[in-house]
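Quick notes on the structure that follows.
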Amino acid sequence: MAISGGRDDGEPMGEMNTTPLIDVMLVLLIMFIITIPIQTHAVKIDLPVNDPNQKNNPPIDPVKNKISVDPAGQILWNGAPIDEATLSLYLERTRAMNPEPELHVQPDANARYDVVDRVLAVIKKSEVTKMGFVGNEQYGNF
C-alpha cells in the first residue's frame, strides 16, 4: 500500500515525473505574458485646432459690433452665428481694445425671452461699458 507508482511488487518507478517540468513551463509562460508589451490600437488623426485667427470667425469691428437674436434662438455676431461661449470671448476681446467699440444689441421681436436674457447676462458679466439697444421701433406694433 505504499505509494510507489502503482505497482505492488516494490520495484522502483521507471517513468519520469513531469510535474516539476510543467510547473517550470507555466512560470515561464506567465513571465513571457507579463513582459510582452501591451499592444495599443490607436488611429492617428489630426484634429482641427481652435485658432482665433481663422477666417470663418466673424471679425471684431473696432468701431461697432452688433449682436442679434433671431426668432429661432440663434445668436448672431455681426451677422454670423455664434454660441454663448464665443460671445463671451468676443466681448472680452472688445473690452481689451482701446477705444472700446460700441455694442449694438438687437433682438428680434419674436425671439425667445430666455435666449435674449442669457445674452444680456453674458454681456453684463463681460462688463461692456458701451452698449445700446437698436431697432426698438419694431416693438411699437405690439
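Descriptive notes on the structure:
- Remark on ASN65: its backbone amide H falls under 5 Å from those of GLU102, LEU103, HIS104, a criterion applied only to residues 5 or more positions apart or on other chains, H modelled at 1.01 Å from N.
- Per residue, in Å², the accessible surface of region 55-104 once ligands and nucleic acids are set aside, probe 1.4 Å: 56
- The GluC sites (Glu not before Pro) of region 72-129 that meet both conditions, a loop assignment by DSSP and at most 11 other Cβ atoms within 10 Å of the site Cβ, are GLU127.
- Dipole axis of region 73-142 (+1 Lys, Arg; -1 Asp, Glu on Cβ), positive-most option in GLY135, GLY73, LEU103: LEU103
- By accessible area with a 1.4 Å probe, ligands and nucleic acids excluded, highest first: order of LEU29, LEU76, LEU103, LEU47: LEU47, LEU29, LEU76, LEU103
The values are calculated or read from the model by the stated rules, or taken from the named source; none is laboratory data. Owing to the predicted nature of the structure, the values given are computational and were not obtained by experimental measurement. We place every Cβ from the backbone using ideal geometry, glycine too, and count neighbours over all the protein chains shown. All accessible areas refer to the heavy atoms of the entire protein, side chains included, with ligands and DNA or RNA removed. Shrake-Rupley method; radii C 1.70, N 1.55, O 1.52, S 1.80 Å.
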